Amino acid sequence: MRVALTVGDFLERAELVYGEREAVVDEPGAVGGLGRLSWSEVGRRAEGMAAALDAMGVGRGERVAIVSPNSAKFFISYFGVSAWGRALVPVNFRLTADEITYIVEHSGATVLLVDPELDEGLAGVKAAERIVLDGTADAELFAPAPPGSAASWEADEDAVCSVNYTSGTTSRPKGVRLTHRNCWTNAVTFGWHTTVTDRDVLIHTLPMFHCNGWGMPYAVTGMGGRHVVLRKVDGEEILARIEREGITLACGAPAVVSAVLNAAEARRKAGEEVPGRDTMRIVVAGAPPPSRVIERVETELGWEFIQIYGLTETSPVLTVNRAPAEWDSLDPATRGRLLSRAGVPAVGIRVRVDEEGEVLARGNHVFDGYWNQPEESAKVLVDGWFHTGDGGFQEGAYTVIADRKKDVIISGGENVSSIEVEDCLYQHPGVAEVAVIGVPDDRWGETVVALVVPVRGDGSEPTPEELIEFCRARIAHFKCPTRVELRDALPRTATGKLQKFKLRAPYWEGRERLVN
Ligand code: AMP
């Protein structure tokens with residue numbers, strides 16, 4: 001028998017088995033928030049959403065974009081949109097109106113859902129149906145509906161579940177097309193490797209837009225675990241919610257870990273308790289976390305540290321590093337070092353490093369291509385292997401990510417395309433040449449630095465501050481240089497190609513890995 005694997009399976013089971021159980025705790029006090037919902041209420045509201053989309057004439061396969069910080073409505077949309085055969089387009093809410101317009105237009109989304117706090121700034125972003133999630137305009141969209149209200153969907157596991165835009169090696173973001181099958185196999189293996197059970201309580205420290213929260217929302221739903229929505233990452237607030245809601249599980253970039261460690265230190269200094277010892281586990285990815293940070297998570301917090309590695313293109317989980325039984329008796333520093341590697345392949349994934357040192361992977365949750373960009377897809381999907389653009393090496397079964405082949409900077413867990421920032425700076429009349437690179441940063445892992453050769457002698461030579469402001473007015477703030485350095489020239493090859501590795505070298509001196 002072959003039954004289509006779709007993300008609807010997860011919610012259907014949670015509602016059937018755990019209907020009366022608390023499912024989602026929305027951010028307290030959020031405008032248009034939904035408070036505390038049971039699995040039955042989540043199920044009925046998801047179907048209500050599907051029925052409302054039916055009524056609006058939104059067909060199967062059509063795209064519904066959402067621009068919002070984490071919220072119960074975002075969570076419901078994972079199912080209300082995708083589980084009835086439409087594709088969700090979760091958009092990074094920190095992007096500018098222009099950047100979001102590009103994504104909405106490129107994906108061809110006919111419906112656009114906007115968080116009330118972002119509404120004004122995004123007034124110019126249009127779609128056939130634009131709905132503000134303020135509790136009034138969207139009252140019908142999120143109204144509960146009885147089973148059978150929405151037209152049933154002839155489930156197809158190869159249908160597109162979501163299109164997740166990611167900044168990469170091109171100046172515009174690319175839409176990663178994830179199928180139901182991709183999301184299903186990722187969620188199930190991820191949930192298995194992290195032993196998600198019905199007793200788990202997940203705090204959404206990861207943006208829901210980022211690769212659908214790495215698929216963890218699906219995994220926890222399938223088991224009937226509880227979700228606690230967090231709208232904004234704040235170390236002390238995370239600790240407070242862990243105490244209040246009995247949280248057991250979190251996912252995040254290394255910057256989230258740093259925020260928690262700082263908040264915990266402040267608590268200890270004040271003689272207050274730090275929650276989660278022996279009950280919390282935290283899954284970290286986005287950059288290689290320093291081994292000292294891992295050691296502190298295990299000793300100062302007493303939380304289990306699990307590292308994963310992957311990309312939006314791979315749904316994302318490629319490798320997992322969770323301490324095996326053999327490491328139980330090792331000292332914390334050694335454990336920290338061993339856990340700082342990306343990990344071993346997840347079940348069903350094959351990983352190898354090619355002759356040029358690039359990490360390649362294949363498996364069921366690798367995407368099937370970029371939205372409407374077959375030439376970009378063909379560049380990364382070659383002979384059955386996905387080219388990650390990351391540089392690394394193997395230590396036995398373990399993959400270590402040590403370098404980046406692609407020209408991407410990862411700051412606070414979000415990708416920044418160097419080319420996009422360079423394009424922006426080239427629009428300034430005082431810029432003759434520019435190279436944008438990532439340099440190590442304590443808070444964000446990496447930060448964006450622009451090396452600029454100004455146009456000289458024409459009186460338009462810009463100051464670094466002016467160039468930073470110039471970018472801030474045009475592209476999302478997290479992509480903007482935090483530092484601009486003026487140079488006389490930039491090193492190039494004989495063919496005129498920028499030698500970025502030479503530019504990066506002084507900033508990364510003495511480091512084992514060239515990514516952070
Ligand atoms: P994204 O598609 O935005 O999730 O970004 C994926 C990129 O993040 C990868 O290509 C890597 O460069 C980086 N990355 C993710 N997880 C890790 C990790 N555990 N160690 C090192 N780099 C990572």
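The values are calculated or read from the model by the stated rules, or taken from the named source; none is laboratory data. Here the structure is a predicted model, which is why all the values come from computation and not from measurement. Every residue, glycine as well, gets a Cβ built from its backbone with ideal geometry; the counts of neighbours run over all protein chains shown. In case anyone asks, the SASA skips ligands and DNA or RNA and just uses the protein heavy atoms, side chains included. Shrake-Rupley method; radii C 1.70, N 1.55, O 1.52, S 1.80 Å.
So here's what we get for this one:
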read-out: Near pairs, Cβ below 7 angstrom, 6+ apart or cross-chain, from the range 463-492 (farther than 22 Å from Glu414 by Cα) to any residue that is open to solvent by 40 Å² or more (accessible area, probe 1.4 Å) and of a type in the set (Lys, Arg); value: Pro491/Lys502
read-out: Every residue from the range 74-109 that is in a helix (DSSP H, G or I) and open to solvent by 10 Å² or more (accessible area, probe 1.4 Å); value: Ala83, Trp84, Ala97, Asp98, Glu99, Thr101, Tyr102, Glu105, His106
read-out: Candidates Ser340, Ser329, filtered to the one that is without any contact (Cβ under 8 Å) to a residue 12 or more places away in the chain and more than 8 Å from the ligand (Cβ to nearest atom); value: Ser329
read-out: Residues of the range 382-425 classified as open to solvent by 20 Å² or more (accessible area, probe 1.4 Å), within 21 Å of the chain's Cα centre (by Cα) and away from the ligand (no atom under 15 Å from the Cβ), total; value: 1
read-out: Filter result for Val220 (at pLDDT 95 or above, away from the ligand (no atom under 12 Å from the Cβ) and surrounded by 20 or more Cβ atoms within 10 Å (Cβ to Cβ)); value: yes
read-out: First in the range 439-458 and polar (S, T, N, Q), second anywhere and open to solvent by 40 Å² or more (accessible area, probe 1.4 Å) and outside any strand (DSSP E or B), Cβ under 8 Å, 6 or more apart; value: Thr447/Thr482
read-out: Qualifying positions in the range 180-193 - buried (at least 24 other Cβ atoms within 10 Å of the Cβ) and either polar (S, T, N, Q) or away from the ligand (no atom under 14 Å from the Cβ) (or both); value: His180, Asn182, Cys183, Trp184, Thr185, Asn186, Ala187
read-out: Condition check for Glu300: open to solvent by 30 Å² or more (accessible area, probe 1.4 Å), free of Cβ contacts under 8 Å to residues at least 60 places away in the same chain, within 22 Å of Pro28 (Cβ to Cβ) and among the acidic types (Asp, Glu); value: no
read-out: Output for the range 296-320, where each listed residue is in contact with a Phe, Trp or Tyr (Cβ under 9 Å, 6 or more places away or on another chain) and away from the ligand (no atom under 13 Å from the Cβ); value: Val297, Glu298
